[in-house]
Amino acid sequence: MDFGSFPKASWLKGDGMKKVAEKIKAECGGKLDAVVATHRHADHISGFTTDEDDPGSVIASCKPDVVVQPWTEDPDAKRNARKPTASFMSAFTNADTNARDKAFARGLSFVDSLDGMRGLLPIIEDEVTALRSAGSLEMADELSFFGENGLKNLAAVENLMQMGANGAAHYVFHGAASGLEAVLPDVKVSVLGPPTLEQSDKILKYASSSKDQYWLTLTRTALRLADYKKPLFDRTDTVSHDDAPAYARWIISRLRSLRGRQLLEIVRSMDGVLNNTSVVLLFEVGNRKLLFPGDAQLENWTFALEQTGVSASLQDVDFYKVGHHGSLNATPKKMLWEKFSRRNHGLKTAVSTLKGVHGGKTGKPTEVPRETLVSALKSQSTFLTTEDLEQKPGAFGTVTINV
């Protein structure tokens, strides 16, 4: 279930991810029953990439029988799709020829087609270089983080698409069959999220308010300013910051900063929307319940928890995989956390996180993991965090959580 890391995870650089993939292959005897990719953020799917050290080919060689992804990844979905296509369970036979184009023409079209994002990555890389040269290191790091995590996943997306061919792919949404029942006998699997847009427009409403309402405007502004070496106005010359008169340098610096902030608005908006396409799965094994929400955030959760019986079914969860690395709004406090009846009575929780890696600012409400959430997890459950694990090349061990 998910396989990825951030570029900042230096202990996985080089062939680190491939070593993890080979460990997975050894553990499963060379055959995977199922793969779940909750959403397309790099820290969740970069291990499926066939670029760089190519861990994705190792996973693909295990030929999973079931590949579960959110409905927004359906390769046959139209640009303005509000749900997966009727044929989304059928074999995808054309993955190798048009995969890249289809991957960007589908999903998330309720904000804007990902086609527009294809040209944004080099602009972000350009801006990061310019910001670092200008000494704006904090903004450069944040922009680089969001750009790398949200956009640079094409090879992984294509590999997952090909693994899902021949009927293995299940593009799921709230209430859909997960497909996992075929390989997990006597295990009940409930898909709680994400909703389709026909089921709920909550994600759409979020996207059209707050920062997301500026998506198209900021995208076009950024694209227009992409080649800042050319004159913005006809019949005018350009001048660099250092060559400008002293009295004019301040406005050049302000404009550079504005461009960086605009790009940050775009990628932050995309980041939040992608999180709300996360697959949310509830496993019921015997008399135990295990909840895996990916990076689902408030809008995804709100729809699920408003549906009849869902909130009640989650009250006696035994194990909770903490959402979105322990971020501010991925574990709704009133709607979810405070409803867990096993808090202080045997609840087990685990979070995959690393301080200073997953975005946000330390010491502020945006920090990941959020300090107040971690405090509650520690005091009211048996809590495991990857921050406590040894993180160095080759340190691949097994952690067992008795539920």
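Brief remarks follow.
- Number of positions in the range 1-47 that are modelled with pLDDT under 90, in a loop (DSSP other than H, G, I, E, B) and of a type in the set (A, V, I, L, M, F, W, C): 2
- Options Phe6, Phe48: the member that is of a type in the set (Phe, Trp, Tyr), surrounded by fewer than 22 Cβ atoms within 10 Å (Cβ to Cβ) and either within 21 Å of the chain's Cα centre (by Cα) or farther than 23 Å from Gly356 by Cα (or both): Phe6
- Boolean, Asp65 is buried (at least 19 other Cβ atoms within 10 Å of the Cβ) and within 25 Å of Leu291 (Cα to Cα): no
- Residues within the range 166-203 that are basic (Lys, Arg) and farther than 21 Å from Arg288 by Cα, tallied: 1
The values are calculated or read from the model by the stated rules, or taken from the named source; none is laboratory data. Since the structure is predicted, the reported quantities are computational estimates derived from the model, not experimental observations. Neighbour counts run over all protein chains shown; Cβ positions are idealised from the backbone, glycine included.
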